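Comments concern the structure below.
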Amino acid sequence: MSKILNEVLSANRDYVNNFGDKGSLALPPARHFAVLTCMDARLDPAKYAGLSEGDAHVIRNAGGRASDDAIRSLVISYKLLGTKEWFVIHHTNCGMELFTDEIMRDLLGSSLKTASIDDKGWHDCCEGPGSAEAKYVDWLTIKEQEASVLEDVTRIRNHPLVPSDIPVYGYIYDVATGRLVEVPAATQAGRAS
Ligand code: ZN
């Protein structure tokens, strides 16, 4: 068994032993809100936003971007499970700022193996084959965090499946301090009406 698999299953046995009465939690989130945020390993939404099991929906992807699939989850979150406020939370020092579509397409075009980065940029280990499929993916990279939060909040706000009475708040999590910093233009763009 891999070390990681062993560790995860062991941790889960401890979790089960302390599970308490969480088996009686209701399916809809008790605090009626949802968070869209980055998958970055340094971010723990349960901790930075004070969540317990059953409290809220947390939707994560690379960058915390408002992709079609993130919006699919948000629409389900409201339409079927009753959330009433949404947060878009990107963060400082996001890996999505470190490449472009062109770089990702070139890297995957030459090799599927893990690439490395140094002060000269990204490098493949040159072990092929790669794939041209990367050309057909919009990788939703980020040039500047405030702009990406505003863009995503605006996209969600204007989406035809999102009703106008859900406020959408825009924030940046600072990985150096743990603080959530508002992007006022985004929160303004996401206000309910
Ligand atoms: Zn990130």
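Do you know which residues across the stretch 49-75 are crowded, with 17+ Cβ neighbours inside 10 Å, within 16 Å of the ligand (Cβ to nearest atom) and part of a helix (DSSP H, G or I)?
Hits for the stretch 49-75 are Gly63, Gly64, Ala70.
Here is a check on your reading of the model: is Thr177 surrounded by 12 or more Cβ atoms within 10 Å (Cβ to Cβ) and either in contact (Cβ under 8 Å) with a residue 12 or more places away in the chain or in the same structural domain as Gly63 (by TED's automatic domain parsing) (or both)?
When the stated conditions are applied, Thr177 does not pass them.
Does Ser24 fit the bill of being more than 14 Å from the ligand (Cβ to nearest atom) and out of contact with any Asp or Glu (no Cβ under 7 Å at 6 or more places or on another chain)?
yes
Of a type in the set (S, T, N, Q), exposed (fewer than 15 other Cβ atoms within 10 Å of the Cβ) and either in the same structural domain as Leu180 (by TED's automatic domain parsing) or free of Cβ contacts under 8 Å to residues at least 40 places away in the same chain (or both): does that describe Ser131?
Judged against the criteria, Ser131 is a match.
In the stretch 84-120, which residue that is in contact (Cβ under 8 Å) with a residue 40 or more places away in the chain and of a type in the set (A, V, I, L, M) is farthest from the ligand (Cβ to nearest atom)?
Ranking the qualifying residues of the stretch 84-120, first place goes to Val88.
Does Asp165 satisfy being of a type outside the set (Gly, Ala, Ser), away from the ligand (no atom under 16 Å from the Cβ) and not assigned by TED's automatic domain parsing to the domain that holds Leu36?
When the stated conditions are applied, Asp165 does not pass them.
Could you please let me know if Glu97 is closer than 22 Å to Gly178 by Cβ and of a type outside the set (S, T, N, Q)?
yes
With Asp118, Asp124 as the choices, which residue is outside the structural domain of Ala62 (by TED's automatic domain parsing), charged (D, E, K, R) and in contact with a Ser or Thr (Cβ under 7 Å, 6 or more places away or on another chain)?
Result: Asp124 is the single residue among Asp118, Asp124 that is outside the structural domain of Ala62 (by TED's automatic domain parsing), charged (D, E, K, R) and in contact with a Ser or Thr (Cβ under 7 Å, 6 or more places away or on another chain).
The values are calculated or read from the model by the stated rules, or taken from the named source; none is laboratory data. It should be emphasised that the depicted structure is a prediction, and the values quoted were computed from it without experimental measurement. Glycine also receives a Cβ, built like all others from the backbone with ideal geometry; neighbour counts cover every protein chain displayed.
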